[in-house]
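Q: Okay, here's the structure, questions in a sec.
The values are calculated or read from the model by the stated rules, or taken from the named source; none is laboratory data. Since the model is a prediction, treat every value here as computed from it, not as a measurement. Here the Cβ positions follow ideal geometry from the backbone for every residue, glycine too, while neighbour counts run over all protein chains shown. For the accessible areas, the whole protein counts, side chains as well, though only heavy atoms, and no ligand, DNA or RNA atoms are used. Shrake-Rupley method; radii C 1.70, N 1.55, O 1.52, S 1.80 Å.
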Amino acid sequence: MGEISAGDGIRVRRVYEPPEAADGARVLVDRLWPRGLSKEAAQLSEWCKDAAPSSELRRWYGHQEDRFAAFAARYREELEGEAARRALESLRRRVAQGPLTLLTATKQVPLSHVTVLVEVLREGVEEGAV
C-alpha cells in the first residue's frame, strides 16, 4: 500500500509495513494490538490508545462507507474527552519535534479513524495548539 503523506510532517502507514528511516516517531493509534505483529517488529515510539475511537464506536461503524460521515462526527466528539485531549497534545508535540508516522492495522485507511485524526491534528497545528 505504501505511505500516505498527510502533510504537516504527518505520515500514515499500515503498521504491518516495514519501518523506514523517514518515519520519525512511529505511533500506533489503534485501540487493539495488531494481530500477528510482535512489539519488536512494530518498532513503536508510542502506542496511543486514547487517540483511537472507543470499541463501541468502532464496532458500530464496521468500516461501512455509508456510515463514515456519522462515524467521523461521533469520533470527533470522543476526541473532546479528557484522555483523548491529552493524547492529541502528545501527538501535536511529536509533530512539532519532527516527522510523525501514525500507524494503523486497518486495510481501508481512507475510511478509517486515522483520516479523521489527521484532520483534527492539522486543525490544532493551524490554530497553534500544542
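Q: Carbon-plus-sulfur fraction of the accessible area of the chain, 1.4 Å probe, in percent?
A: Answer for the chain is 49 percent, counting heavy atoms of protein chains only.
Q: Under the Kirkwood approximation for Rh and a Cα-based Rg, what ratio Rg/Rh is obtained for the chain?
A: Using only Cα positions, Rg/Rh for the chain is 0.93.
Q: Which of the GluC sites (Glu not before Pro) found in the range 60-103 are in a DSSP loop and have at most 16 neighbouring Cβ atoms, other than their own, within 10 Å?
A: Listed in order of number, the matching sites are E80.
Q: Between A42 and A105, 0.36 nm times their residue separation minus their Cα-Cα distance comes to what?
A: Extending this stretch completely gives an extra 21.6 nm.
Q: Looking at the chain, send over the antiparallel percent of its DSSP beta bridges, to the nearest 5.
A: 20 percent
Q: Next question. Taking only protein heavy atoms into account and a 1.4 Å probe, give the accessible area per residue of the range 33-130 in Å².
A: 56 Å²
Q: Can you give the helix-only mean residue ellipticity at 222 nm for the chain, where every DSSP H stretch with n ≥ 4 adds -39500 (n - 2.57) and the sum goes over all residues, rounded to the nearest 500 deg cm²/dmol?
A: Helices in the chain give a 222 nm mean residue ellipticity of -12000 deg cm²/dmol.
Q: Tell me, what is a quarter of the convex hull surface for the C-alpha atoms of the range 54-130, in nm² with one decimal?
A: 5.2 nm²
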